[in-house]
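A quick write-up on the structure given underneath.
The values are calculated or read from the model by the stated rules, or taken from the named source; none is laboratory data. What you see is a predicted model; the values in this text were computed from it and never measured. Neighbour counts run over all protein chains shown; Cβ positions are idealised from the backbone, glycine included. What goes into the accessible areas is simple: the full protein's heavy atoms, side chains included, and nothing from ligands, DNA or RNA. Shrake-Rupley method; radii C 1.70, N 1.55, O 1.52, S 1.80 Å.
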Amino acid sequence: MATDAMPRFPDGFLWGVSTSAHQIEGAADLREPSVWDAFTAEPGRVKDGSTAAVACDHYHRYREDVALLAGLGVDAYRFSVSWPRVNSPGGLDFYDRLVDELCAAGVRPVPTLFHWDLPADLDWLERDTAYRFAEYVSAVVRRLGDRVGTWLTLNEPAEHTLLGHALGTHAPGRELLFDALPAAHHQLLAHGLAVRALRAAGAGDIGIANSHGPTWPASDDPADREAAEFYDVLLNRLFADPLLLGRYPDGVGELMPGDVDADLKVIAEPLDRYGVNYYAPARVGAPRGAESEWGGVRLPAGLPFSVRPIEDRPLTDFGWPVVPEGLTELLTGFRDRYGDRLPPVVITENGCSYEGLDDQDRIAYLDAHVRALHRAVEAGVDVRGYFVWSLLDNFEWAEGYARRFGLVHVDFATRTRTPKASYRWYRDLLRAQR
Ligand code: BGC
């Protein structure tokens, strides 16, 4: 970790932490099932065989968790609203209580309206799901809009499409490869309809949380460059271009269902902020006729690219390379690509999986990434906030409880919370920024 003082961020910069409903809430008996409940119930889907039925039991312990947020001194808390819970009797009451508790603690609530836990009877391959999403969003904003000023529509439609619908390693477990693209289009349409619903209800500060990372060609060989370009379209531009430019990258729109031009007008509704989840870059080369690996996920041999290891870098316990300068590169690259069309950026997730309470590796990771973010600010990128993933160790999707991303340790036998060294480091960083 660098020992020189952390540079100051602009006044009004928003410091926070993120979580998501399915990963922390538990209380699965008090909500309708989601696609994740069905997926988790299938043997072999989740590596440690666990479920999120109880998770961190945040549903019952939210007061304790808000006290942890207050102790940390964050300005804002990004959580997600569970659509299956809102569909259940009393479901919205929970978010009502949570928002009240946050406001009383002086922490700004920043809800994400969809973080992968689709109601089990819905399907992103169906266009109608986008309209159902807008109805659900209207119900949420009607109830919480008097106290919530900042809204995020979707979390990472790229991962939800790729892992859930193309590769089948996440719920709903489909392996459609490129036939998964309609799921991406319908999520983007859902986003645009939700923006309209939020604006109709008077909401002023609206964004989305997309995952992005620089794509590095494995070599200068034209075949590697072409493969990297393809990957960049798939993971970065497929989701950012329609939102920010009102069009799909060349060749993609033709693969989407419905009246794409009309839908793009909805998808490109102006945003107040653009959320970026950053974890690591990808090194990508031409296909090699064999499986490759992407962040612990097996990629089939038949894809038009192969993901290569990033060498000479420390790895997190998840095996992800630690590349802080990738965040600077990503943000300056986005500014260059999208120019005035890029709204102010907020880093809606950044974090790492490491074991232990004295988590010096996490401190080093976060310290280096916050500095890298500051370099983007110095380079003129309009960045307004930074949220650590995550407040709590939680249900890490197909990895179960085996990956610990929290600033706060959770003992999954007793649900006891214990702040880690990184919690104190972040608290001190925020104090020094005030
Ligand atoms: C997701 C989180 C997840 C984190 C770490 C992000 O892709 O939004 O839900 O826990 O990465 O894998």
In the range 246-271, what count of residues is obtained for those that are buried (at least 16 other Cβ atoms within 10 Å of the Cβ) and farther than 27 Å from PRO309 by Cα? 12
Across the range 350-374, what is the number of residues that are within 14 Å of the ligand (Cβ to nearest atom) and open to solvent by 10 Å² or more (accessible area, probe 1.4 Å)? 1
Please go through the range 27-72 and give me each residue that is within 21 Å of the chain's Cα centre (by Cα), crowded, with 22+ Cβ neighbours inside 10 Å and assigned to a loop (DSSP other than H, G, I, E, B), ordered by number. VAL46, ALA52, ALA55, CYS56
Would you check if there is a residue in the range 164-186 being away from the ligand (no atom under 16 Å from the Cβ), open to solvent by less than 10 Å² (accessible area, probe 1.4 Å), not in a helix (DSSP H, G or I) and not aliphatic (A, V, I, L, M)? yes
Whether any residue in the range 228-238 is more than 24 Å from PRO182 (Cβ to Cβ) and buried (at least 18 other Cβ atoms within 10 Å of the Cβ) is what I want to check. yes
Specify which of the listed residues (TRP425, TRP389) is of a type in the set (Phe, Trp, Tyr) and within 12 Å of the ligand (Cβ to nearest atom). TRP389
Among the residues of the range 261-277, is any on the phi > 0 side of the Ramachandran plot and not acidic (Asp, Glu)? no
Tabulated pairs, the range 386-413, first among the β-branched types (Val, Ile, Thr), second open to solvent by 10 Å² or more (accessible area, probe 1.4 Å) and away from the ligand (no atom under 11 Å from the Cβ), C-beta under 7 angstrom, 6+ apart or interchain: VAL408/LEU68; VAL408/ARG417; VAL408/THR418; VAL408/PRO419; VAL408/TYR423; VAL410/ARG417
Taking the range 287-297 and the residues there that are open to solvent by 80 Å² or more (accessible area, probe 1.4 Å) and more than 16 Å from the ligand (Cβ to nearest atom), the one that is nearest to LEU163 (Cα to Cα) would be GLU291
Mind checking which strands (runs of 3 or more DSSP E) fall wholly inside the range 375-429 and carry at least 2 residues that are open to solvent by less than 10 Å² (accessible area, probe 1.4 Å) and modelled with pLDDT of 95 or more? 383-389, 408-410
Can you find a residue in the range 175-187 that is touching a residue at least 24 places away in the same chain (Cβ under 8 Å), among the aliphatic types (A, V, I, L, M) and in contact with a strand residue (DSSP E or B) (Cβ under 9 Å, 6 or more places away or on another chain)? no
Name the residues in the range 90-133 that are within 16 Å of the ligand (Cβ to nearest atom) and not in a loop (DSSP other than H, G, I, E, B), would you? VAL110, PRO111, THR112, LEU113, PHE114
Has the range 308-322 got at least one residue that is out of contact with any strand residue (DSSP E or B) (no Cβ under 6 Å at 6 or more places or on another chain), away from the ligand (no atom under 16 Å from the Cβ) and open to solvent by less than 30 Å² (accessible area, probe 1.4 Å)? no
Counting only residues that are among the charged types (D, E, K, R) and assigned to a loop (DSSP other than H, G, I, E, B), how many does the range 221-280 have? 7
So how many residues does the range 281-305 have that are at negative phi and in a loop (DSSP other than H, G, I, E, B)? 12
Filter result (more than 16 Å from the ligand (Cβ to nearest atom) and among the aliphatic types (A, V, I, L, M)) within the range 392-422: ALA413, ALA421
Please work out if ARG143 is open to solvent by less than 10 Å² (accessible area, probe 1.4 Å), out of contact with any strand residue (DSSP E or B) (no Cβ under 7 Å at 6 or more places or on another chain) and in a helix (DSSP H, G or I). no
Quick one: which residue in PRO287, PRO281, PRO300, PRO314 is modelled with pLDDT under 95 and either of a type outside the set (Gly, Ala, Ser) or farther than 26 Å from PRO157 by Cβ (or both)? PRO300
Here the residues within the range 339-362 that are under 22 Å from HIS212 (Cα atoms), touching a residue at least 40 places away in the same chain (Cβ under 8 Å) and either in a helix (DSSP H, G or I) or out of contact with any helix residue (DSSP H, G or I) (no Cβ under 9 Å at 6 or more places or on another chain) (or both) are ARG341, PRO344, VAL346, THR348, GLU349, ARG362
How about the range 398-434: which of its residues are out of contact with any strand residue (DSSP E or B) (no Cβ under 8 Å at 6 or more places or on another chain) and polar (S, T, N, Q)? THR414, SER422
Considering residues that are in contact with a strand residue (DSSP E or B) (Cβ under 6 Å, 6 or more places away or on another chain), more than 16 Å from the ligand (Cβ to nearest atom) and either open to solvent by less than 10 Å² (accessible area, probe 1.4 Å) or among the charged types (D, E, K, R) (or both), the number found within the range 329-349 is 1
